[in-house]
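Asks: Here you go, one structure.
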Amino acid sequence: MKKEIPLSVPNLDIETLENLRECIESGWVSTGGRFIAEFEEKTAKYVGVSEAVAMQSGTAALHTALRVLGVQSGDEVIVPTLTFIAAVNPVIYMGASPVFMDCDDTLCLDAEKLEQFCEEECDLVEDELRNRRTGNKVAAVIPVHVFGNLCDMERIMEVAQKYHLKVLEDATEALGSYYKKGRYAGCFAGTIGDMGAYSFNANKIITTGGGGMLVSNNKKLLNHARYLGVQAKNDTLYFVHDEVGYNYRMLNLQAALGVSQLDQLETFIKTKIDNYNRYKKRLNQAEGLRILEFNDESRTNHWFYSLLVGEETFGESRNQLMHRLIDEGIQCRPVWKLIHTQRPYLDCQAYKIEKAVDYAEHILNLPCSTNLTEEEVAYVCDRIQMK
């Protein structure tokens with residue numbers, strides 16, 4: 001009998017209704033209310049920073065972070081090509097230009113090529129990195145912790161410090177991932193660079209329906225971000241505004257969901273890891289299939305699972321397998337189309353993109369919801385192997 005198995009859906013507890021009821025009964029359903037501050041405090045405590053700022057979305061968090069980090073029109077920002085486009089669009093919002101970087105075997109930004117680009121394609125002039133090709137200032141780098149896997153932040157931070165780059169960690173997929181070894185042992189994704197951003201979109205490991213969060217160990221940056229997110233309002237009575245701000249504040253209704261969801265995060269991560277291991281045990285035995293590993297020097301949240309499909313040995317291409325599974329009710333998807341090949345970014349510089357091309361052609365993301373059962377994992381594996 002055909003089963004319908006979604007790719008990644010929210011896992012909401014009925015107890016959340018109590019928080020939502022309080023919002024409705026009190027009338028605090030918009031950008032004020034106690035749950036916003038509580039969600040900020042709980043998130044900051046969980047990841048080990050002093051403060052956090054709740055935002056309307058992960059994209060809003062990234063945009064605001066670029067603004068407070070001082071990225072200006074005409075600057076360049078180094079970004080990965082293998083990521084969701086929301087990690088890159090805020091660069092354009094600022095009037096800056098992206099420079100696209102390849103991925104390594106974790107699917108995250110290649111730290112070695114990042115250093116090569118800074119050394120071979122740029123000059124350090126009066127504490128500013130200048131792109132020789134364009135003459136523009138290279139102001140920042142956005143490492144994205146893809147699918148919850150962790151970038152080589154030790155190497156990235158060394159390069160950033162050497163070349164005076166601001167570091168904005170896109171941890172929108174990596175809430176709960178942390179390093180177990182090295183200089184940043186015990187540090188969570190998003191807490192190492194100048195600022196970090198999380199997302200609580202409906203398909204993330206915890207959700208507020210939408211919403212995001214900014215974290216940093218720099219209170220001045222966070223205070224500026226908080227100010228900009230409420231339309232840069234200086235005086236709530238006389239409506240005085242000293243900067244152009246944004247309507248980027250999280251809703252109290254969203255935060256009410258987040259407070260409840262954050263309490264379940266570690267349980268969700270355990271489920272993610274258990275199901276990943278079940279997929280790995282079954283599918284790695286099949287010729288032409290391999291579940292990509294997560295970084296073994298970190299505890300990752302295992303947000304999305306990546307199946308590498310080798311057409312010649314498996315007997316089906318990635319796309320053939322994907323459409324067969326979709327026809328059978330199993331939702332799955334290819335990894336994102338590389339951003340440097342997308343129409344808005346065709347004229348932007350792309351540096352030695354190689355591995356990302358291969359991974360983009362062969363990766364299939366499998367169902368990974370936090371309420372996915374052991375039986376459903378087995379069913380997906382059975383259907384994959386029934387060529």
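Asks: Test of understanding: in a Gaussian network model of the chain with alpha carbons linked when under 10 Å, which of Val99, Val240, Val53 would top the mean-square fluctuation ranking?
Replies: Maximum fluctuation in the GNM of the chain, among the listed residues, is at Val240.
Asks: Once you measure Cβ to Cβ distances between cysteines in the chain, which Cys have no partner under 4.7 Å?
Replies: That list is Cys23, Cys103, Cys118, Cys122, Cys187, Cys332, Cys348, Cys368, Cys381.
Asks: A further question on this structure: Under a 5 Å amide H to amide H cut-off, with H placed in plane at 1.01 Å, what residues pair with Met250 once short-range neighbours are removed?
Replies: Amide H neighbours of Met250: Met55, Gln56.
Asks: Which residue, Ser216, Ser306, Ser50, has the most motion in a Gaussian network model of the chain that connects Cα atoms within less than 10 Å?
Replies: Fluctuation is largest for Ser50.
Asks: Next up: Return the calculated 222 nm mean residue ellipticity for the chain, to the nearest 500 deg cm²/dmol, obtained by summing -39500 (n - 2.57) across DSSP H runs with n ≥ 4 and dividing by the residue count. Working shown, then result.
Replies: On the way: 13 runs with 137 residues, N = 387.
My calculation for the chain gives -10500 deg cm²/dmol from helical runs alone.
Asks: Given a Förster radius of 22 Å and the C-beta distance between Lys219 and Arg183 as r, what FRET efficiency does 1/(1 + (r/R0)^6) yield to the nearest 0.05?
Replies: Values: r = 23 Å, r/R0 = 1.05.
Taking R0 as 22 Å, the efficiency between Lys219 and Arg183 is 0.45.
Asks: Please name whichever of Tyr248, Ala171, Val9 sits farthest to the positive end of the charge dipole of the chain, dipole taken about the Cα centre and charges placed at Cβ: Lys and Arg +1, Asp and Glu -1.
Replies: Ranked along the dipole, the leading option is Val9.
Asks: Which of (i) 18, 51, 28, 3, 0; (ii) 28, 56, 16, 0; (iii) 19, 35, 37, 8, 0 is the computed P(r) over Cα pairs in 20 Å bins from 0, in percent for the structure on display?
Replies: (ii)
Asks: Next up: With both bridge residues required to lie in the range 59-184, what share of the DSSP beta bridges run antiparallel, to the nearest 5%?
Replies: Values: 7 of 18 bridges.
Here the share of antiparallel DSSP bridges comes out near 40 percent.
Asks: Another one. If the limit is 32 Å between Cα atoms, which of Lys180/Lys387; Lys45/Lys181; Lys2/Lys45; Lys137/Lys270 go over it?
Replies: Values: Lys180/Lys387 40 Å; Lys45/Lys181 21 Å; Lys2/Lys45 44 Å; Lys137/Lys270 43 Å.
Correct reply: Lys180/Lys387; Lys2/Lys45; Lys137/Lys270.
Asks: Sequence gap at least 6, Cα distance under 8 Å: using those rules, report the relative contact order of the range 74-121 to the nearest whole percent. Each step should come with its number before you reach the end.
Replies: Working: 55 pairs, mean separation 17.6, N = 48.
Relative contact order of the range 74-121: 37 percent.
Asks: Would you work out the charge dipole size for the chain about its Cα centre, treating the Cβ of every Lys and Arg as +1 and the Cβ of every Asp and Glu as -1, and quote it to the nearest 20 debye? It would help to have the intermediate numbers written out before the result.
Replies: Working: 41 positive and 55 negative charges, 96 e Å.
With only Lys, Arg, Asp and Glu charged at Cβ, the dipole is about 460 debye.
Asks: Which length gain, in nm to one decimal place, applies between Glu266 and Asn89 when the Cα-Cα distance is subtracted from 0.36 nm times their residue separation?
Replies: Values: separation 177, 0.36 × 177 = 63.72 nm, distance 3.10 nm.
Roughly 60.6 nm would be gained on extension.
Asks: Here's a follow-up. Over the chain, what is the relative contact order in percent, taking alpha-carbon pairs closer than 8 angstrom and at least six residues apart? Could the numbers behind the result be given before it?
Replies: Details: 846 pairs, mean separation 89.5, N = 387.
This gives 23 percent for the chain.
Asks: Residue by residue, what Karplus-based ³J(HN,Hα) values in Hz, rounded to whole numbers, does the range 2-11 have, using 6.51, -1.76 and 1.60 with θ = phi - 60° and x for Gly and Pro?
Replies: 5, 10, 9, 10, x, 6, 7, 10, x, 10
Asks: As a footprinting exposure proxy, order Leu62, Leu237 by other Cβ within 10 Å, with the fewest listed first. Numbers along the way, then the final one.
Replies: Details: Leu62 30, Leu237 5.
Ranking Leu62, Leu237 by Cβ neighbours within 10 Å, fewest first, gives Leu237, Leu62.
Asks: A further question on this structure: Hand me the GluC sites (Glu not before Pro) from the range 15-89 located in a DSSP loop with no more than 10 other Cβ atoms within 10 Å, in residue order please.
Replies: On the way: sites: Glu15, Glu18, Glu22, Glu25, Glu38, Glu40, Glu41, Glu51, Glu76; in loops: Glu15.
Here the sparse-neighbourhood loop sites are Glu15.
Asks: Please report the antiparallel percentage of the DSSP beta bridges confined to the chain, to the nearest 5.
Replies: On the way: 33 of 52 bridges.
Counting DSSP beta bridges with both partners in the chain, the antiparallel share is about 65 percent.
Asks: Could I ask something else about it? Given H placed 1.01 Å from N in the peptide plane, which residues other than close sequence neighbours of Tyr305 have an amide H under 5 Å from its amide H?
Replies: Leu366
Asks: Which residues' amide hydrogens lie under 5 Å from the amide hydrogen of Gln349, considering only partners 5 or more residues apart or on another chain, with H built in the peptide plane?
Replies: So Gln349 has HN proximity to Phe100.
Asks: Let's test the formula: R0 of 25 Å, r as the Cβ-Cβ distance of Leu346 and Asp123. What FRET efficiency results, to the nearest 0.05?
Replies: Result of the calculation: an efficiency of 0.45.
Every read-out reported here was derived from the displayed coordinates using simple, explicitly stated rules and does not represent laboratory data. Here the structure is a predicted model, which is why all the values come from computation and not from measurement. Note that each Cβ is placed from the backbone with ideal geometry, even for glycine, and that neighbours are counted across all protein chains shown.
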